Structure formats: C-alpha cells, structure tokens
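*Asks:* Take this structure first; my questions come after.
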C-alpha cells in the first residue's frame, strides 16, 4: 500500500513548501504521519494573484471543454481510489471501506457538476419588436473556499467542482488535520491538464488565512463548510466587502419515529448510520423522538446495535467505526455525557473513551434527556445519540424544531398524512423519510436558520458561482 503523501501547498500550478509546518497525526495511533507547510502572507498573495490570472483564462474555456477536463480528473481519482482512501484513513481514522466510498462520492460531485457546466442556461424574455432581453449566467470570479476535516476528499470536491464547472478559479483552504484528500484532488487536476492558477490549495493558521483571503478585492465569493460560529465570523468579514457567501454550517438532526413504522428495522438502520464516520457528520441523525407506544422497543434495539459496533483502527478488516478525528473531540464528548447525566439523563451504553492510545470513544446512547442538558442544544459531532419519548407527532415536530439549526431531518412512517405533516412543518433544508440519506450529487443540499445559506449539488448547485446579467438590446436607438 502506498505511503502517506508528501504534504505541500499548490499555488499557480506548482508545489511548494514553507519554512513553518504543522504535524498531521494518525488518530488511531497518535503518531505523526506528516508535516504540513504553513502558508504565510506572501504565499497567500501569490495564490490570490494566481487565481486572478487563472480566472481570466478559465472563464474563456468552453463549458464542454471544462466539463471534459473535470471528467478526466475524476477518472484519475477513481483510478487512484485505493491510494486516496488509504491516505484518508491514515489521517482521519474512518474505516477503509468508508474512505473508499468517500472517494467515489467526491468523484460523483465532480461528474455531476461537469454535466451542469453545459446546462447553465440563460433565457430570452418576450419583448416588443426590435428589442431583445437576454439573461446570461457568467462565472462570478475567484472563489475563497474553506473545507472541514470530517470528509477529507468529498468536502473539498464539492467546493472545487462547483467553482471549476462554473468557470471560476478557486483558492481552497482545506483542513489542516486532514490535508491529503485536497492534495490528491490537486494532483489529479494537474495531471488532467488544468491551467495554472485555476486551482490553488493552501494550509496554515485558519484565522490568519481567512483574514487574508476573505477581505481581498480579488475574491468574489466565499464558500465555507464548518461550524456555525466560524461561518458567522466569515460572513461578517465578507459583508464588510459586499462579498457574497455560500455557507453550509452545523446541524443537530432530529429523527421522528412514528408508531406505525417497522420499529426494529428503523432502530437498526438508525444505529448503524449514527456511528458512520464516528458520528462526525453535519447531517448525522442525533436527536431521536420516538412515539411512546414503541419507545421501549426502539431504545432496546438501538442500544444493542450501538453496543455491537466494531470499533478499531480503520485499516483493520471488519471495523465499523474508527477513532474520533482529533484529540479535541474526546473531552468534548465526555463533557456532554457528564452534563447530560448530571441533568438526569440515562446512559444506556457507552459514554467513555476507549483505551489510552488513539482518540477512540464508545458508541453512546442517552435516553430520557431533559431539555436543560447541553447536548439537547449543541451538536455533539460524535458517536452519541439522544433517544427521547414523545406522545404525538405534533410534539415530535415541536421538539425537532426547538434548536437553532435546520440542516437535515429524518422521519420513519408509513402514513401519508404523517409524511405530509413533516414536509410542511419540519424546519430543515433536507428532509428524508424512511431513509437516512440526506445528500446526493443530483439533489440540492443546504440548511435553514443557523445551518447556513445557499445550496450545493443538484441543478441549484452552480447558482452561487455565477452572476446574472440581463442584456437589453434595441435594434434602433430609443
């Protein structure tokens, strides 16, 4: 199996290192597996200047030719799936099979947006004789993008795919904890023949980089996936310069379990999905509101399946859940469990760190959690589920909507009227019924309330990367 890749910045079509660096750890062993160069002000200025030049060249490339190059880069990434997945597991900890699937998901984002590149249609507005009103969609310009650590390849892919398919250039600050995914993407695009400056990858001190990139007059869009607190900060920086933003922020996804559903199947499906990526997913099902009549059965089955989760090093066969991605998550989760227990919640399984080496945490289920517990309002972002009883669908919806977030929500029911009520009243950008799949390349993805602004994916996914220009053309001077 290939070694962990050499970590470098990618600016103006060239790879570079710097005088300062940061360690990258394997969360399963805590070993240092790489040293990541830190971009300084001069590097960031170079990246911005390169993006400005790259945009002027890339915007002139025909949409079909842009699409062909993106597809070629995706083909190379599919060909390198095992190599990329191995790097992801080393730096993030997720099981190797989940890492392989993430590589394919990232490629699907590229392939979908490549198809959309030739479908950013304008329109002709009916008008009087001798006059034409024509609406055009032009690429917005250089993009400053920021991707998180929980999906090292597919999250950078979403930002890069949208920008490049639209004809924009991009400076991406990928996550310092998990840099290899973005580096593999840049290598594929370099090998596919992407012109210099169209794609630039930087790493470093997040606050310093955002403070340098976001206020730049070169940047015409800020695209961010991450926490609500950081998203608000970046939105404030961008607003000072009237720069538009695309924000995919935190969630705290509710799951409504109605009395008419297949309870055992819903519980098993939910427990398996909850522990995917060690629960470090913004759409992870977390707050389960279960009808009183099936509550005990659901809680019992869910708890037993959570306990059965195979936890270990993601490179080992049969492992279902790896470690948490960084050392910050262990005390954060332990603190939430302790707070919930003190508030009166029942811990039906888990709640503790596993061992002393690696950032492993037990799959954890909290039951009968009072509203006063911190975890009821704060996203745990880990393998922790809340299972609470409710007396009706109306109560469940009220509880589902009781947090400031609205990214993903789920429901289990076979009744059309229940489903219709959820569609009308649950506050979320993505509602899934009888499935825990919240996002596909062909569907729009984004949140409401404090979960963000704008959409990625689907036919809506390129909207933020373009500007609308209306052309009014009169044949004679009027």
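Rule-based calculations on the coordinates, nothing more; no lab input. Since the structure is predicted, the reported quantities are computational estimates derived from the model, not experimental observations. Please note: Cβ atoms are built from the backbone with ideal geometry, for glycine as well, and neighbour counts cover all protein chains shown.
*Asks:* Where the centroid of each part is defined by its Cα atoms, how far is the range 294-342 from the range 366-427 in Å?
*Replies:* First find each Cα centre; the distance between them is then 19 Å.
*Asks:* Additional query: Can you give the Rg to Rh ratio of the range 368-435, both from alpha-carbon atoms, with Rh computed by the Kirkwood formula? Working shown, then result.
*Replies:* Values: Rg = 12.3 Å, Rh = 13.0 Å.
Value, to two decimals: 0.95.
*Asks:* As a check on your grasp of the helix formula, calculate [θ] at 222 nm for the chain: sum -39500 (n - 2.57) over DSSP H runs of n ≥ 4, divide by the residue count, round to the nearest 500. All intermediate terms of the calculation are to be shown ahead of the outcome.
*Replies:* On the way: 13 runs with 176 residues, N = 478.
That comes out to -12000 deg cm²/dmol.
*Asks:* So if R0 is 45 Å, what FRET efficiency would residue 474 and residue 64 give, r being the distance between their Cβ atoms, rounded to the nearest 0.05? List each step's numbers first, then the result.
*Replies:* Values: r = 32 Å, r/R0 = 0.71.
Once rounded, the FRET efficiency stands at 0.90.
*Asks:* Averaging sequence separations of C-alpha pairs under 8 Å and six or more residues apart, then dividing by the length of the range 9-142, give the relative contact order as a whole percent. Numbers along the way, then the final one.
*Replies:* Working: 133 pairs, mean separation 28.3, N = 134.
Reported as a whole number, the value is 21 percent.
*Asks:* Right, next: Could you check the spin-label model distance between residue 49 and residue 292? Points 7 Å from the Cα along Cα→Cβ, value in nm.
*Replies:* Distance between the two pseudo-spin positions: 7.1 nm.
*Asks:* With angles folded into 0 to 90 degrees, how steeply does helix 228-239 sit against the dominant principal axis of the chain? Use alpha carbons for both and round to 10.
*Replies:* Helix 228-239 sits at roughly 20 degrees to that axis.
*Asks:* While we're looking at this one, here's another question. Counting only Cα atoms, I'd like the Rg/Rh figure for the range 36-174, Kirkwood definition for Rh. Present the calculation step by step, with values, prior to reporting the outcome.
*Replies:* Details: Rg = 18.2 Å, Rh = 16.8 Å.
We get a ratio of 1.08 for the range 36-174.
*Asks:* Same structure, new question: Once the piece of chain linking residue 440 and residue 356 is laid out straight, how much longer is it, given 0.36 nm per residue of separation minus the C-alpha distance between them? Write down the numbers at each step before the final one.
*Replies:* On the way: separation 84, 0.36 × 84 = 30.24 nm, distance 3.73 nm.
This chain segment gains 26.5 nm when fully extended.
*Asks:* Go ahead and run the numbers for FRET between residue 308 and residue 131, Cβ-Cβ distance against an R0 of 51 Å, rounding to 0.05. It would help to have the intermediate numbers written out before the result.
*Replies:* Values: r = 70 Å, r/R0 = 1.36.
With R0 = 51 Å, the Cβ-Cβ based efficiency is 0.15.
*Asks:* When the expected Rg is taken as 2.2 N^0.38 Å, what fraction or multiple of it is the alpha-carbon Rg of the range 253-440? List each step's numbers first, then the result.
*Replies:* Numbers: Rg = 15.6 Å, N = 188, 2.2 N^0.38 = 16.1 Å.
Working it through for the range 253-440, the quotient is 0.97.
*Asks:* Can you compute the FRET efficiency between residue 459 and residue 56 using 1/(1 + (r/R0)^6), with r the Cβ-Cβ distance and R0 = 25 Å? Round to the nearest 0.05. The partial results should precede the final answer.
*Replies:* Details: r = 27 Å, r/R0 = 1.08.
Efficiency for this residue pair is about 0.40.
*Asks:* Rounded if a/c is under 1.5, else prolate if a/b is larger than b/c, else oblate: which is the range 25-113, with a ≥ b ≥ c the root eigenvalues of its Cα gyration tensor?
*Replies:* Working: a/c = 3.74, a/b = 1.29, b/c = 2.91.
Since a/c reaches 1.5 but b/c is at least a/b, the shape of the range 25-113 is classed as oblate.
*Asks:* Using 0.36 nm per residue of separation minus the Cα-Cα distance, give me the extension gain between residue 371 and residue 29 in nm, one decimal. If you can, show how the numbers build up before the last one.
*Replies:* On the way: separation 342, 0.36 × 342 = 123.12 nm, distance 3.67 nm.
That works out to 119.5 nm of additional length.
*Asks:* Follow-up question, since we're still on this one. Sorting check: for 281-293, 345-357, which peptide has the highest mean count of neighbouring beta carbons within 10 Å, and how do the rest follow?
*Replies:* 281-293, 345-357
*Asks:* Per q in 0.14, 0.21 Å⁻¹, report the Debye log10 I(q)/I(0) for the range 232-352, using one uniform scatterer on each alpha carbon and no solvent.
*Replies:* -0.76, -1.30
*Asks:* Given q = 0.09, 0.11, 0.13 Å⁻¹, what are the Debye log10 I(q)/I(0) values for the chain, with equal point scatterers placed on the Cα positions and solvent ignored?
*Replies:* The calculated log intensity ratios at q = 0.09, 0.11, 0.13 Å⁻¹ are -0.62, -0.90, -1.19.
*Asks:* A further question on this structure: Using a 7 Å offset from the Cα along the Cα-to-Cβ direction at both residue 332 and residue 233, what is the distance between the two label points in nm, to one decimal?
*Replies:* So the label points at residue 332 and residue 233 sit 1.3 nm apart.
*Asks:* Using only alpha carbon pairs under 8 Å that are at least six residues apart, calculate the relative contact order of the chain and give it in whole percent.
*Replies:* Working: 1151 pairs, mean separation 87.6, N = 478.
Computed value for the chain: 18 percent relative contact order.
*Asks:* Starting from the Cα gyration tensor of the range 398-446, take the square roots of the eigenvalues, sort them a ≥ b ≥ c, and report rounded, prolate or oblate (rounded when a/c is under 1.5, otherwise prolate if a/b is larger than b/c, else oblate).
*Replies:* Values: a/c = 2.05, a/b = 1.12, b/c = 1.82.
Taking the square roots of the gyration eigenvalues as a ≥ b ≥ c, the range 398-446 is oblate.
*Asks:* Continuing with the same structure: From the P(r) of the range 219-284, could you give the percentage of C-alpha pairs in the tail past 15 Å? Don't skip to the answer; put the middle values down first.
*Replies:* Working: 1365 of 2145 pairs.
Cα-Cα pairs of the range 219-284 separated by over 15 Å account for 64 percent.
*Asks:* Below 8 Å, C-alpha to C-alpha, sequence gap of six or more: please give me the relative contact order for the range 253-440 in percent. Walk me through the intermediate numbers first.
*Replies:* Working: 384 pairs, mean separation 51.7, N = 188.
Once normalised by length, the contact order is 28 percent.
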